[in-house]
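Asker: Provided herewith is a single structure, encoded as structure tokens, for subsequent inquiry.
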Amino acid sequence: MKNKTALITGASSGIGAAIARRFAEGGANVALIYAGNTEGAESVKADCEAAGVKAEIYQCDVADHDKVKETVAAVKKEFGLFDILVNNAGITKDNLIPMMKEEEFDAVIATNLKGTYNLIRHCIPVFMRNKRGKIVNISSVVGMMGNPGQANYAASKAGVIGLTKSVAREMAVKNITCNAIAPGFIRTKMTSELDEEGAMAAGIPMKRTGTPEEVAETAYFLASEMSDYITGEVIRVDGGLGI
């Protein structure tokens, strides 16, 4: 990762923060995109800088096409050509289908799926000029299995998988890879209200929830030269939940 630059969304906490720290440990400079948690973003930036790399933070609603374009341009101006995009930003607005409001469905699709498209759309030209690029999209095992109360989230994450495979096919000839990670139940703020080590863990073959660092290691692999001949793949990090 030395001398590489990674643009990471949803980088102020949870999986995104763990990915940023892991990339920094490996020598990559990091552009940290966050929605509203400035304190968290500043903390992750400090951790990355302590690893001896350059780190900058950018506030951006990934669902906003024009704001994403502006942010990618700012990253390019600050870092020059960048090499890696990690689409991690995501939200949940859980509800059963009979009670789900249109705005709950639309908001999740806008951030999780359209946000992923927005970043890919504006980063691809940079990768093409650089004649290389690595895209890692964070999907979810829910996008492969479905989950009661999460029709909007499952639809968005299933869409990310389809988007990943299509981009992989389009961009392979340009030396740009695009892969996805499908985490299972990971110990983050998003799952903090769930019974993580009780009923939730009981349904996992490995009988435990995962850590953000375990997802980060997979992202690091997919963004490294070790995965140069891998594209269009979806790797589950779920303790066997999706078997």
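The values are calculated or read from the model by the stated rules, or taken from the named source; none is laboratory data. Here the structure is a predicted model, which is why all the values come from computation and not from measurement. Neighbour counts run over all protein chains shown; Cβ positions are idealised from the backbone, glycine included.
Asker: I'd like the full set of residues that are among the β-branched types (Val, Ile, Thr) and either within 18 Å of GLY133 (Cα to Cα) or modelled with pLDDT of 95 or more (or both), limited to segment 215-243.
Answerer: At the first step, the residues of segment 215-243 found to be among the β-branched types (Val, Ile, Thr) are 215, 218, 230-231, 234-235, 237, 243.
Matches in segment 215-243: VAL215, THR218, ILE230, THR231, VAL234, ILE235, VAL237.
Asker: If GLY10 satisfies all but one of (1) in contact with an Asp or Glu (Cβ under 9 Å, 6 or more places away or on another chain); (2) closer than 17 Å to HIS122 by Cβ, what's the number of the condition it fails?
Answerer: All conditions are met except number (1).
Asker: While we're looking at this one, here's another question. Only residues that are of a type in the set (Asp, Glu) and within 18 Å of PRO183 (Cα to Cα): list them for segment 85-126, please.
Answerer: Here is the first cut: in segment 85-126, the residues of a type in the set (Asp, Glu) are 94, 102-104, 106.
Within segment 85-126, ASP94 is the sole residue that qualifies.
Asker: For the condition modelled with pLDDT of 95 or more, under 15 Å from ILE8 (Cα atoms) and of a type outside the set (D, E, K, R), what is the one hit in ASN87, ASN95?
Answerer: Values: ASN95 fails: under 15 Å from ILE8 (Cα atoms).
Result: ASN87 is the single residue among ASN87, ASN95 that is modelled with pLDDT of 95 or more, under 15 Å from ILE8 (Cα atoms) and of a type outside the set (D, E, K, R).
Asker: So if I check each of ALA11, ALA31, which one is of a type in the set (Gly, Ala, Ser), buried (at least 21 other Cβ atoms within 10 Å of the Cβ) and under 23 Å from ILE186 (Cα atoms)? Spell out how you get there, then give the answer.
Answerer: Values: ALA31 fails: under 23 Å from ILE186 (Cα atoms).
That would be ALA11, the only listed residue that is of a type in the set (Gly, Ala, Ser), buried (at least 21 other Cβ atoms within 10 Å of the Cβ) and under 23 Å from ILE186 (Cα atoms).
Asker: Within the group ILE120, ILE138, ILE124, which residue is of a type in the set (Val, Ile, Thr), crowded, with 18+ Cβ neighbours inside 10 Å and either at pLDDT below 95 or closer than 16 Å to GLU233 by Cα (or both)?
Answerer: Working: ILE120 fails: either at pLDDT below 95 or closer than 16 Å to GLU233 by Cα (or both); ILE124 fails: either at pLDDT below 95 or closer than 16 Å to GLU233 by Cα (or both).
So the residue among ILE120, ILE138, ILE124 that is of a type in the set (Val, Ile, Thr), crowded, with 18+ Cβ neighbours inside 10 Å and either at pLDDT below 95 or closer than 16 Å to GLU233 by Cα (or both) is ILE138.
Asker: So which of ASN152, ASN137 ends up being under 20 Å from PHE23 (Cβ atoms) and in contact with a helix residue (DSSP H, G or I) (Cβ under 9 Å, 6 or more places away or on another chain)?
Answerer: Details: ASN152 fails: under 20 Å from PHE23 (Cβ atoms).
Only one candidate passes the filter, namely ASN137.
Asker: Among the numbered criteria (1) part of a strand (DSSP E or B); (2) in contact with a Lys or Arg (Cβ under 6 Å, 6 or more places away or on another chain), which single criterion is violated by MET128?
Answerer: (1)
Asker: Now a separate question. Restricting attention to segment 56-92, and to residues there that are touching a residue at least 60 places away in the same chain (Cβ under 8 Å) and either among the β-branched types (Val, Ile, Thr) or touching an Asp or Glu at 6+ places or on another chain (Cβ under 7 Å) (or both), which single residue is nearest to LYS2 (Cα to Cα)?
Answerer: In the first step, residues of segment 56-92 are kept if they are touching a residue at least 60 places away in the same chain (Cβ under 8 Å); the result is 72, 75, 79-90, 92.
Next, from what is left, pick out any that are either among the β-branched types (Val, Ile, Thr) or touching an Asp or Glu at 6+ places or on another chain (Cβ under 7 Å) (or both): 72, 75, 84, 86, 92.
Working: VAL72: 21, VAL75: 18, ILE84: 12, VAL86: 17, THR92: 34 Å.
Looking at the filtered set, the residue picked out is ILE84.
Asker: Scan segment 131-150 residue by residue and report those that are assigned to a strand (DSSP E or B) and in contact with a strand residue (DSSP E or B) (Cβ under 8 Å, 6 or more places away or on another chain).
Answerer: GLY133, LYS134, ILE135, VAL136, ASN137, ILE138
Asker: Would you mind stating whether VAL126 is without any contact (Cβ under 8 Å) to a residue 24 or more places away in the chain and touching a helix residue (DSSP H, G or I) at 6+ places or on another chain (Cβ under 9 Å)? Give the derivation first.
Answerer: On the way: without any contact (Cβ under 8 Å) to a residue 24 or more places away in the chain: no; touching a helix residue (DSSP H, G or I) at 6+ places or on another chain (Cβ under 9 Å): yes.
Considered against the rule, which asks whether it is without any contact (Cβ under 8 Å) to a residue 24 or more places away in the chain and touching a helix residue (DSSP H, G or I) at 6+ places or on another chain (Cβ under 9 Å), VAL126 comes out as no.
Asker: Which one is nearest to GLU225 (Cα to Cα) among residues in segment 11-53 that are assigned to a loop (DSSP other than H, G, I, E, B) and touching a Phe, Trp or Tyr at 6+ places or on another chain (Cβ under 7 Å)? I'd like the intermediate steps shown before the answer.
Answerer: As a first pass, look at segment 11-53 and keep what is assigned to a loop (DSSP other than H, G, I, E, B): 11-13, 26-28, 35-37, 51-53.
With touching a Phe, Trp or Tyr at 6+ places or on another chain (Cβ under 7 Å) added as a condition, the list becomes 11-12, 26.
On the way: ALA11: 22, SER12: 26, GLY26: 12 Å.
That would be GLY26.
Asker: Just to verify a result, which residue in segment 210-235, among those that are of a type in the set (Asp, Glu) and part of a loop (DSSP other than H, G, I, E, B), is nearest to ARG21 (Cα to Cα)? Break it down into steps so the answer makes sense when it comes.
Answerer: First, the residues of segment 210-235 that are of a type in the set (Asp, Glu): 213-214, 217, 225, 228, 233.
Narrowing further to those that are part of a loop (DSSP other than H, G, I, E, B): 228, 233.
Numbers: ASP228: 22, GLU233: 24 Å.
Only one residue fits best here, namely ASP228.
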